[in-house]
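The values are calculated or read from the model by the stated rules, or taken from the named source; none is laboratory data. Please read all numbers here as calculations on a predicted model, not as lab measurements. Glycine also receives a Cβ, built like all others from the backbone with ideal geometry; neighbour counts cover every protein chain displayed.
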Ligand SMILES: Cc1ncc(COP(=O)(O)O)c(C=O)c1O
């Protein structure tokens with residue numbers, strides 16, 4: 001680094017536009033096996049979050065690699081305007097048509113944001129073809145994330161990610177409170193009271209907009225990175241489903257992060273007693289072996305389009321990419337044939353117990369929450385008052401760096417409490433993690449957190 005240039009030499013050498021344009025680029029990962037990642041500097045990282053809750057089978061799975069190799073050799077690409085492909089047809093058969101909930105058709109895209117864009121457009125086109133063109137409003141929740149493309153970002157409640165692009169985001173979207181009991185429920189409220197208040201707020205939002213102008217309500221069944229593995233209180237999803245039904249609006253459930261087994265059932269909504277009209281999935285669909293996302297949809301949504309214009313007015317070049325579909329098919333077959341949902345439930349119970357052992361009495365862990373192998377700890381300066389740390393400390397970034405230095409990959413974020421204040425650390429280990437690896441994840445996170453807190457220039461130093 002030269003004296004008058006703050007950038008390290010290696011930051012200037014990389015021609016990649018990295019996430020940080022100021023810091024040294026991240027280490028170059030060279031291989032992955034199971035839950036372990038290796039970088040070219042010899043660094044060994046235990047992948048405690050599968051990147052961003054992606055690598056559900058860990059790395060280097062031989063069956064998935066073989067499926068990709070076979071498909072690449074047979075047929076890498078066709079355009080969906082000209083051809084279908086066997087892996088795309090087989091993946092659709094694997095995912096829909098036999099599930100509870102009546103999801104009957106699948107639409108394959110390249111990731112979560114594309115899946116959400118397609119879901120939003122499907123909802124809009126559905127109502128156009130139903131003769132209800134006035135349904136132009138979409139209601140989502142604060143403290144949520146649905147993707148970074150402009151439509152998906154407009155749906156998102158994530159304040160920090162919206163801020164720079166606010167002037168470009170559509171006014172078709174409005175937001176109601178998240179079902180975030182730790183932060184949003186009043187001290188005097190039971191969970192049932194809180195649920196009733198949230199349902200009443202959604203009803204009021206329908207009334208404000210005009211109930212027959214709302215196309216859909218959008219929610220993550222378990223909120224991912226924005227708030228850190230937030231599960232809704234019992235009865236919440238049934239209550240909001242009832243509001244949607246009362247007004248003839250669709251329910252879009254975004255399972256891009258929490259779906260495909262992450263919470264212990266294939267779909268997170270299975271644990272909520274509701275079914276969506278449209279569902280999006282992505283990360284755990286292909287497990288990171290290929291970029292892929294999907295929209296899963298019911299006949300209720302598709303039939304009017306089928307009988308009307310006859311075509312979904314949307315598309316991308318890489319829809320239903322054969323290699324991506326082959327990889328996702330192999331991932332889903334492994335999950336089913338190796339009974340990995342049982343694994344997620346058992347290892348999830350273990351992870352929960354270990355987190356409670358290690359952090360249950362920690363002075364700066366305000367809340368431990370999650371489901372399956374999808375858990376977060378929320379960090380607070382004061383447990384009694386739930387006061388977050390000063391956001392200027394960037395505690396989440398410090399914990400991420402400290403964990404990485406101790407050989408743990410995890411997924412911390414800020415803005416947990418209200419979009420600006422608050423920090424949490426998200427864990428989403430691969431479904432194949434052993435008990436010893438779960439122990440190691442919690443140990444390394446505990447050490448990293450305590451080391452960071454011990455040198456923090458604030459009250460947190462007493463931890
Ligand atoms: C719930 C949710 N929806 C949508 C997205 C966007 O997915 P992608 O980053 O693949 O575009 C994400 C990504 O983190 C997500 O967590």
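A residue that is buried (at least 19 other Cβ atoms within 10 Å of the Cβ) and within 16 Å of the ligand (Cβ to nearest atom) occurs nowhere in the range 298-308. The set of residues from the range 153-170 being in contact with a strand residue (DSSP E or B) (Cβ under 9 Å, 6 or more places away or on another chain) and either within 16 Å of residue 225 (Cα to Cα) or within 16 Å of the ligand (Cβ to nearest atom) (or both) comprises 154, 155, 156, 157, 160.
Candidates 190, 195, 181: the one that is over 20 Å from residue 279 (Cα atoms) and over 24 Å from the mean Cα position of the chain (by Cα) is 190. Checked against (1) away from the ligand (no atom under 11 Å from the Cβ); (2) in a loop (DSSP other than H, G, I, E, B); (3) surrounded by 21 or more Cβ atoms within 10 Å (Cβ to Cβ), residue 259 meets all criteria but (1). For the range 411-423, the criterion of a residue being at pLDDT 95 or above and in a helix (DSSP H, G or I) is satisfied by no position.
Of the residues making up the range 309-343, those that are loosely packed, with under 13 Cβ neighbours inside 10 Å and part of a loop (DSSP other than H, G, I, E, B) are 309, 310, 311, 313, 317, 339. Scan the range 126-144 and tell me whether some residue there is surrounded by fewer than 21 Cβ atoms within 10 Å (Cβ to Cβ) and within 16 Å of the ligand (Cβ to nearest atom). Checking the range 126-144: at least one residue is surrounded by fewer than 21 Cβ atoms within 10 Å (Cβ to Cβ) and within 16 Å of the ligand (Cβ to nearest atom).
Residues in the range 95-125 that are away from the ligand (no atom under 16 Å from the Cβ), at pLDDT 95 or above and touching a helix residue (DSSP H, G or I) at 6+ places or on another chain (Cβ under 8 Å): 95, 103, 104, 105, 106, 125. One residue stands out in the range 145-177 among those that are free of Cβ contacts under 8 Å to residues at least 12 places away in the same chain and closer than 26 Å to residue 200 by Cβ: the one that is surrounded by the most Cβ atoms within 10 Å (Cβ to Cβ), namely 162. Residues satisfying the criterion are absent from the range 216-231 (criterion: surrounded by fewer than 20 Cβ atoms within 10 Å (Cβ to Cβ), at pLDDT 95 or above and within 12 Å of the ligand (Cβ to nearest atom)).
Going by what's in this entry, would residue 252 be described as modelled with pLDDT of 95 or more, farther than 30 Å from residue 350 by Cα, within 22 Å of the chain's Cα centre (by Cα) and not in a strand (DSSP E or B)? Spelling it out, it is not the case that residue 252 is modelled with pLDDT of 95 or more, farther than 30 Å from residue 350 by Cα, within 22 Å of the chain's Cα centre (by Cα) and not in a strand (DSSP E or B). When the range 42-82 is filtered for residues that are buried (at least 18 other Cβ atoms within 10 Å of the Cβ), within 16 Å of the ligand (Cβ to nearest atom) and not in a loop (DSSP other than H, G, I, E, B), the ones remaining, listed by number, are 50, 53.
For the range 386-395, residues that are in a helix (DSSP H, G or I) and over 12 Å from residue 456 (Cα atoms) total 1.
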